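Report on the following structure.
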Amino acid sequence: MTAELWEAIFKGIWITVQLTVYSAALGAVVAFAVGTARTSRHWILRFLSGFYVAVFRGTSALVFMFWLFFVVPLAFGWQFVPMWAATLALGLTYGAYGAEIVRGGIAAVAPAQREAGIALSFTPWQRMRRIILPQAVPEMLPPFNNLLIELLKGTALVSLLGIPDISFEAQLARLATGQSTTIYLAILGMYFVLAFLLTRVMRLLERRAKAGIGQAPPKSGGILGKLRIEETERSTKAGLAGGAQ
Amino acid sequence: MNWNWSVVDEFMPYFWDGVRVTLQATALGSLLSFALGLVWALLLRTPSRFVRWPVGFFVEFIRNTPLLVQLFFLFYVLPEWGVQTSALATGIIGIGLHYSTYTAEVYRAGIEGVPAGQWEAARALSLPRGRTWGAVILPQAIRRVVPALGNYVIALLKDTPMLLGIGVLEMLNQARQFGAQTFQYIEPYTIVGIAFILISYPASLFMRYLERRLVH
């Protein structure tokens with residue numbers, strides 16, 4: 001492994017981080033928009049958002065990515081910049097999973113809170129903004145953390161479409177040197193460190209959000225507890241399963 | 001949008017070949033993940049921390065790194081170690097290993113969900129360790145975890161397209177090959193996308209039904 005190849009891999013980290021941040025931002029917007037729409041009073045909004053979630057959770061992220069890359073330019077004549085297509089694919093897919101987290105978080109707020117908002121004649125928007133979400137968001141953060149790690153892992157898919165992220169650069173380095181073991185162990189380690197950092201940031205956010213409504217986060221125990229990146233009590237990826245709600 | 005049904009007709013034989021491989025990878029990968037996951041779950045309950053910590057680290061490491069890179073690792077590194085397997089077998093091992101780290105959590109939750117009275121009763125009847133696990137704890141734990149395991153089967157199914165990275169001809173790769181040969185991309189990719197929804201949506205409805213039947 002020469003210095004140039006390592007440098008290429010480090011440039012790949014930057015692409016992976018960018019992709020993760022952009023698609024997480026898009027995914028968060030989609031998740032909140034679709035997740036709140038699913039609790040709407042209007043049946044058409046509920047139906048459309050339910051349909052969105054069913055479709056995007058039902059299909060595979062990679063298949064959708066290929067579809068955006070190869071079918072959309074032919075069928076509709078739009079050619080995306082590769083980074084944009086990848087961001088769109090990841091954001092829309094993981095946003096659908098996020099929508100279920102948002103819906104679940106909103107549903108978990110005690111009904112009396114909503115009723116109190118109605119009694120005080122808050123508008124629906126004020127209720128959501130001032131009463132429901134401040135209490136729902138801290139509950140959503142641990143599952144969002146899991147989803148974010150799934151998203152980070154999902155960014156590796158873009159290497160199959162030629163976007164030079166960590167996995168793609170690793171593939172090039174392997175072709176150049178043939179040192180598969182070193183290279184792949186190194187980049188698996190990089191992904192692990194990235195996942196660990198993401199978890200730290202999310203824990204911090206959770207602590208802040210909980211402090212904002214006067215709660216303390218649960219303690220994590222021991223060395224294995226520190227190592228445990230995903231909040232596993234909440235049955236991690238079960239929500240990632242099918243299209244049904 | 002110019003949809004051409006004759007292309008669909010041409011693609012269909014390849015599509016069915018792809019479906020067969022996808023379902024095969026899903027079925028065998030799931031079985032492997034069920035078995036390995038139980039192994040991890042039991043090892044994580046051993047009293048010795050010299051077993052628990054390495055296994056815990058291994059499981060966390062696998063779970064928090066991308067499946068695609070793990071597949072590349074297995075595909076390119078195993079032959080260097082003298083293990084020769086087909087791409088599909090490598091894919092099944094990779095995907096089964098990856099998902100076993102998720103099923104291990106499911107089993108853990110299932111085992112912890114068995115009431116303490118069951119352990120005490122087994123003890124009071126002086127059942128040996130093997131019988132306690134085999135006849136008392138696991139049958140109750142596994143019943144609870146069936147729907148959660150089923151959901152992972154669906155998630156695993158949706159990750160099988162990654163096997164194209166190591167050259168397995170599953171559904172998506174069939175569509176890609178077909179596109180590369182005929183320059184017809186619209187129909188094959190759309191069909192594969194719809195096929196995933198058609199398989200996974202009813203499957204997830206079925207899991208919800210199972211959840212109502214078995215857990216509550």
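Structure notes:
- Accessible area (Å², per residue) of chain A, counting only protein heavy atoms and a probe of 1.4 Å: 46 Å²
- Largest to smallest in accessible area, the residues B:Trp119, A:Trp43, B:Trp133 fall in the order A:Trp43, B:Trp119, B:Trp133 (1.4 Å probe, all protein chains included).
- Using Cβ point charges alone (K and R +1, D and E -1), the dipole size of chain A about the Cα centre works out to roughly 900 debye.
- For region B:49-198, the solvent-accessible area works out to 40 Å² per residue, with a probe of 1.4 Å and every protein chain left in place.
- Of the peptides B:75-85, A:100-110, B:97-107, the order by per-residue mean of other Cβ atoms within 10 Å, starting with the highest, comes out as B:97-107, A:100-110, B:75-85.
- Selected from A:Phe66, A:Phe51, A:Phe122 as most flexible by GNM, with chain A as the system and alpha-carbon contacts under 10 Å: A:Phe122
- Reduction of at least 20 Å² in accessible surface, 1.4 Å probe, comparing all protein chains with the chain by itself, residues of region A:177-197: A:Ser180, A:Thr181, A:Tyr184, A:Leu185, A:Leu188, A:Tyr191, A:Phe192
- Protein-only accessible surface at a 1.4 angstrom probe places the residues A:Val81, B:Val59, B:Val136 in the order A:Val81, B:Val136, B:Val59, largest first.
- Taking all protein chains as they are arranged and a probe of 1.4 Å, the heavy atoms of A:Lys153 leave approximately 20 Å² accessible to solvent.
- Angle in degrees between helix B:49-63 and the longest Cα principal axis of chain B, rounded to the nearest 10: 20 degrees
- Note on region B:123-159 and region A:30-89: Cα centroid distance 36 Å, given to the nearest whole angstrom.
- Rounded to the nearest 20, the Cβ-based charge dipole of region B:21-169 about its Cα centre (Lys and Arg +1, Asp and Glu -1) stands at 500 debye.
- FRET efficiency estimate (nearest 0.05) - Cβ-Cβ, A:Phe10 to B:Thr182, R0 35 angstrom: 0.30
- Accessible area per residue was computed with a 1.4 Å probe on protein heavy atoms; A:Leu48 scores about 100 Å².
- Förster radius 25 Å - calculated FRET efficiency between B:Thr85 and B:Phe57 (Cβ-Cβ, nearest 0.05): 0.45
- Whether chain A is rounded, prolate or oblate, judged on the alpha carbon gyration tensor where a/c under 1.5 counts as rounded: oblate
- Contact residues in region B:140-159 (at least 20 Å² less accessible area with all protein chains than alone, 1.4 Å probe): B:Asn151, B:Tyr152, B:Ala155, B:Lys158.
- The simple spin-label model puts a point 7 Å past each Cα toward its Cβ; for A:Val29 and A:Thr182 those points are separated by 4.3 nm.
- Taking Lys and Arg as +1 and Asp and Glu as -1, the other residues whose beta-carbon sits under 12 Å from that of B:Pro147 total +4.
- Crossing angle, helix B:67-77 versus chain B [Cα axis fit, 0-90 degrees, rounded to tens]: 90 degrees
- Cα-projected label distance for A:Phe51 with B:Arg20, points at 7 Å along beta-carbon direction, nm: 3.7 nm
- Fully extending the segment from A:Ala108 to A:Gln215 would add 36.9 nm, taking 0.36 nm per residue of separation and subtracting the current Cα-Cα distance.
- The A-B contact accounts for roughly 4600 square angstrom of buried accessible surface, both chains included, probe 1.4 angstrom.
- Dipole of chain A [Lys/Arg +1, Asp/Glu -1 at C-beta], most positive-end residue of A:Leu45, A:Trp78, A:Gly95: A:Leu45
- Size descriptors for the protein assembly as shown: radius of gyration and Dmax over Cα atoms are 23.0, 73 Å.
- Inter-label distance, nm, simple model (7 Å from Cα along the C-beta direction), B:Thr46/B:Trp119: 1.9 nm
- Rg/Rh, computed from the Cα trace of region B:157-207 with Rh as the Kirkwood radius, has the value 1.04.
- 1.4 Å probe, heavy atoms, protein only - residues of region B:55-73 losing at least 50 Å² accessible area vs chain alone: B:Glu60, B:Phe61, B:Asn64, B:Pro66, B:Leu68, B:Val69, B:Phe72, B:Phe73
- Percent carbon-and-sulfur accessible area, region A:1-157, ignoring ligands, DNA and RNA, probe 1.4 Å: 71 percent
- Sequence of B:Arg143, A:Arg174 from largest to smallest accessible area, 1.4 Å probe: B:Arg143, A:Arg174
- Note on the protein assembly as shown: dipole from Cβ charges, positive end direction compared against A:Met128, B:Ala203, B:Leu125; the farthest Cα belongs to B:Leu125.
- What the Cβ-Cβ distance of B:Arg212 and B:Glu112 gives, at R0 = 25 Å and to the nearest 0.05, is a FRET efficiency of 0.70.
The values are calculated or read from the model by the stated rules, or taken from the named source; none is laboratory data. These figures come from a predicted structure and were not determined experimentally. Here Cβ is always computed from backbone atoms with ideal geometry, including for glycine, and neighbour counts include all displayed protein chains. Calculation scope for accessible area: heavy atoms of the full protein, side chains included, ligands and nucleic acids excluded. Shrake-Rupley method; radii C 1.70, N 1.55, O 1.52, S 1.80 Å.
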